1. When you go through (1) out of contact with any Lys or Arg (no Cβ under 7 Å at 6 or more places or on another chain); (2) assigned to a loop (DSSP other than H, G, I, E, B) one by one for F58, which number turns out not to apply?
2. Being hydroxyl-bearing (S, T, Y) and touching a strand residue (DSSP E or B) at 6+ places or on another chain (Cβ under 7 Å) is the filter here; which residues of the range 6-32 pass it?
3. Restricting to the range 19-39, give me the number of residues that are surrounded by 11 or more Cβ atoms within 10 Å (Cβ to Cβ) and under 23 Å from P114 (Cβ atoms).
Amino acid sequence: MGDLSSFCCLNAVCSDVGKRGHGNRTVTARYGPGPTRRMLRCRTCKGRFSERKGTPLFDARLPPEKVTDVLAHVAEGVGTRKTARLTGVHTDTVTRYTRLAGDHAADLHDELIPFSPQDR
């Protein structure tokens, strides 16, 4: 089944929303090509969500390797048009994944900030 401790409930009304490692996640189904992606369920609120929910890969039409390649070029400072040429995708696709990754990074930053060490 794999380790589910890194996942948390995404249901805003659940009492365990955002809490990781509580052991209340379970895999209810597999879907996608192969079926390699897991559908998770919260035992607290009975909500179901994809393991990709909240990531740039959620509802992606490109293969994960291609998305990673696009984002790697962007992270290195390569422009949108050049990234599109190098990876073989449309410039709008580069822009869409850049926005998704930026939103995800902002959310992750906001989540991790409370755990940063105090200034002395």
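1. (1)
2. T26, T28, Y31, listed by residue number.
3. Qualifying residue count for the region: 6.
Per-residue answers, yes or no, for (1) assigned to a loop (DSSP other than H, G, I, E, B); (2) outside the structural domain of G102 (by TED's automatic domain parsing); (3) touching a residue at least 12 places away in the same chain (Cβ under 8 Å); (4) under 18 Å from D103 (Cβ atoms):
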site	(1), (2), (3), (4)
G2	yes, yes, yes, no
S5	yes, yes, yes, no
C14	yes, yes, yes, no
M39	no, yes, yes, no
C45	yes, yes, yes, no
D69	no, no, yes, no
V74	no, no, yes, yes
K82	no, no, no, no
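The values are calculated or read from the model by the stated rules, or taken from the named source; none is laboratory data. In this text, all values refer to a predicted model and were calculated from it rather than measured experimentally. Cβ sites come from the backbone with ideal geometry, for glycine too, and all protein chains shown count toward neighbours.
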